[in-house]
């Protein structure tokens, strides 16, 4: 059978090269920091929150849709987690309530997008404010201490340290990346997401239930927003009402740096995974090589512009 | 009233009407499609051709009327249902998903999976390969099962869509202006694929504005005008020129003349 090098493969190769170039720069600029394990330990504890969000987001983007509400859904689900834990004292119950909240928030998005037929960009601007507002009203600006959860098995499963060295959330991110890869590339669900994102008319004529696919995609986004919320609250054993703020653009940047097309129909899980690593390590890397914090956003911007330009050229060349 | 006996026809539409919010798009359509028959459906824009096709594929449900398929009275309430029955549509340029590989398009909506829903990718690719080489007769080395659809020409795309329908044993293939916006040589490819449908013993309804495209490949013409069927002609009974003249008459005077 003849082989064709697909555009995804080219994009994945590019992002891996960009990743190694950036790390080469870090290594040369600050060998002391980047040859020691500490910085990687730090990355493994912080990157998975946006990493998991970005992986789930990849499906939304491939579908040709957008979800701006997930940072607020994350915050509200985290509040539910903290509040149920505080009231009931059972961390499993708290986790269940929190994940259910995420699913319900995703269903609300789906309802607005699929049934009421509001474009997802607009609908999720609405729910973004709504859930952030709900957090403000419910939490009244106050945080919730989660120290009570620290001795539980659930805590160990979520954010414990394997052999004292590997944060559990990093294992979660890696495992979910593998799971999402199979879901997108080797499962009927992923096949339908790709087809709907590519050509709705064709998908409809091939008997694919578009509304169902959309509902599932937005619902899983809500679920993983809640999961990321649980992980990030447990990591610091504290819920704070402004949680999730700052995740929106970094998560989207990770997806787009990864090479998933904003037009839908194409996407790469490996790309999103590497994109998350890049976005999550830039800040520390920039400081470590001796630049001031003022440089951070500028370099973020440069990396995004360069990587997205590379993809644009690849996409045009291989038509 | 007892059901109509339609056992010798593939598809029979009896007195089908459709209105959208009081505006009637179809009025009392009676249409029969035989086994192994290619029917050319012609008519001006707004004649109701697309609405009729959408009723047969289950996108719209008729306001009144009956549908018989292989002798059985049926209702087609969804696209999924019409596909289960063996009715498949090939739409202009929208039949395939452009950015997806050929093998993904071939099995779109009909993925071969294990019981957990995971794709049998190897099998899907092998089948697509077989279809490309034997069925469609692609010899180009540049096109593989992993190629994106957008690297194909317009005629090749339609060929893939038709071959896909035949591969999945469609009995009735609805061709909705498959030659629109195609060059002469690409059009010829599509017409060859339509002849293939006939050769394989299947039926088709071929919609086109061009009598020149239809005439060589169809068995019978059905002319639609403002939601009604204005006339039907077997190909033996009418020449290409007479048919074109009748179409002009219809536009000028409202009758076939």
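The values are calculated or read from the model by the stated rules, or taken from the named source; none is laboratory data. Since this is a predicted model, take the numbers as computed values, not measurements. Neighbour counts are summed over all protein chains in view; Cβ atoms, including those assigned to glycine, are modelled from backbone coordinates with ideal geometry.
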When residues of the stretch B:76-90 are limited to those that are surrounded by fewer than 21 Cβ atoms within 10 Å (Cβ to Cβ) and modelled with pLDDT under 90, the one nearest to the other protein chains (Cβ to nearest Cβ): B:80
The stretch B:116-131, subset closer than 20 Å to residue A:7 by Cβ and more than 8 Å from chain A (Cβ to nearest Cβ), residue surrounded by the most Cβ atoms within 10 Å (Cβ to Cβ): B:128
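Name the one entry in A:168, A:177 that is touching a strand residue (DSSP E or B) at 6+ places or on another chain (Cβ under 7 Å), closer than 30 Å to residue A:38 by Cβ and at pLDDT 95 or above.
A:168
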Breaking point among (1) within 20 Å of residue B:176 (Cα to Cα); (2) touching a residue at least 60 places away in the same chain (Cβ under 8 Å); (3) touching a helix residue (DSSP H, G or I) at 6+ places or on another chain (Cβ under 9 Å), for residue B:61: (2)
Considering residues of the stretch A:279-297 that are touching a residue at least 60 places away in the same chain (Cβ under 8 Å) and either within 13 Å of the chain's Cα centre (by Cα) or part of a loop (DSSP other than H, G, I, E, B) (or both) only, the residue surrounded by the fewest Cβ atoms within 10 Å (Cβ to Cβ): A:290
Residue match in the stretch A:125-137 (condition: over 28 Å from residue A:262 (Cα atoms), modelled with pLDDT of 95 or more, in contact with a helix residue (DSSP H, G or I) (Cβ under 7 Å, 6 or more places away or on another chain) and in a helix (DSSP H, G or I)): yes
Test result for residue B:159, out of contact with any strand residue (DSSP E or B) (no Cβ under 9 Å at 6 or more places or on another chain), away from chain A (no Cβ under 12 Å), in contact (Cβ under 8 Å) with a residue 24 or more places away in the chain and buried (at least 21 other Cβ atoms within 10 Å of the Cβ): yes
One residue from A:182, A:174 being closer than 22 Å to residue A:51 by Cβ, facing chain B (nearest Cβ under 8 Å), surrounded by fewer than 19 Cβ atoms within 10 Å (Cβ to Cβ) and out of contact with any helix residue (DSSP H, G or I) (no Cβ under 7 Å at 6 or more places or on another chain): A:182
Odd one out for residue A:313 among (1) in contact (Cβ under 8 Å) with a residue 12 or more places away in the chain; (2) within 30 Å of residue B:98 (Cβ to Cβ); (3) surrounded by fewer than 19 Cβ atoms within 10 Å (Cβ to Cβ): (1)
Within the stretch B:93-115, considering residues that are more than 8 Å from chain A (Cβ to nearest Cβ) and surrounded by fewer than 20 Cβ atoms within 10 Å (Cβ to Cβ), the one nearest to residue B:159 (Cα to Cα): B:93
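For the stretch A:29-39, indicate whether the set of residues that are touching a residue at least 60 places away in the same chain (Cβ under 8 Å) and out of contact with any helix residue (DSSP H, G or I) (no Cβ under 6 Å at 6 or more places or on another chain) is non-empty.
yes
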Of all residues in the stretch A:82-114 being touching a strand residue (DSSP E or B) at 6+ places or on another chain (Cβ under 7 Å) and modelled with pLDDT of 95 or more, the one that is nearest to residue A:152 (Cα to Cα): A:82
Checking residue A:189 against (1) surrounded by fewer than 24 Cβ atoms within 10 Å (Cβ to Cβ); (2) more than 10 Å from every other protein chain (Cβ to nearest Cβ), the condition it does not meet: (2)
Residue match in the stretch A:238-254 (condition: in contact (Cβ under 8 Å) with a residue 24 or more places away in the chain, more than 14 Å from chain B (Cβ to nearest Cβ) and touching a strand residue (DSSP E or B) at 6+ places or on another chain (Cβ under 8 Å)): yes
Cross-chain or 6+ apart pairs with Cβ under 6 Å, the stretch A:1-12 first and exposed (fewer than 15 other Cβ atoms within 10 Å of the Cβ), then outside any helix (DSSP H, G or I) and at pLDDT 75 or above: A:2/B:144
Test result for residue A:122, under 17 Å from residue A:245 (Cα atoms), part of a helix (DSSP H, G or I) and out of contact with any helix residue (DSSP H, G or I) (no Cβ under 6 Å at 6 or more places or on another chain): no
Residue match in the stretch B:42-57 (condition: assigned to a strand (DSSP E or B), farther than 26 Å from residue B:110 by Cα, more than 14 Å from chain A (Cβ to nearest Cβ) and touching a residue at least 60 places away in the same chain (Cβ under 8 Å)): yes
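Yes or no, residue by residue, for (1) outside any helix (DSSP H, G or I); (2) within 20 Å of residue B:19 (Cα to Cα):
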{"position": "B:62", "(1), (2)": "yes, yes"}
{"position": "B:67", "(1), (2)": "yes, yes"}
{"position": "B:73", "(1), (2)": "yes, no"}
{"position": "B:77", "(1), (2)": "yes, yes"}
{"position": "B:82", "(1), (2)": "no, no"}
{"position": "B:88", "(1), (2)": "yes, no"}
{"position": "B:94", "(1), (2)": "yes, no"}
{"position": "B:98", "(1), (2)": "yes, no"}
{"position": "B:103", "(1), (2)": "no, no"}
Evaluation of residue B:182 against (1) buried (at least 16 other Cβ atoms within 10 Å of the Cβ); (2) facing chain A (nearest Cβ under 10 Å) (one fails), failing number: (2)
Selection from the stretch B:200-237 of residues that are out of contact with any helix residue (DSSP H, G or I) (no Cβ under 8 Å at 6 or more places or on another chain) and free of Cβ contacts under 8 Å to residues at least 40 places away in the same chain: B:210, B:232, B:234, B:235, B:236, B:237
Scope the stretch A:192-212; condition part of a helix (DSSP H, G or I), more than 21 Å from residue B:148 (Cβ to Cβ) and either facing another protein chain (nearest Cβ under 7 Å) or touching a residue at least 12 places away in the same chain (Cβ under 8 Å) (or both); matching residues: A:210, A:211
Filter result for the condition that a residue is surrounded by fewer than 20 Cβ atoms within 10 Å (Cβ to Cβ) and more than 14 Å from chain B (Cβ to nearest Cβ), over A:168, A:94, A:88, A:105: A:88
Flag if residue A:73 is under 21 Å from residue A:275 (Cα atoms) and modelled with pLDDT of 95 or more: no
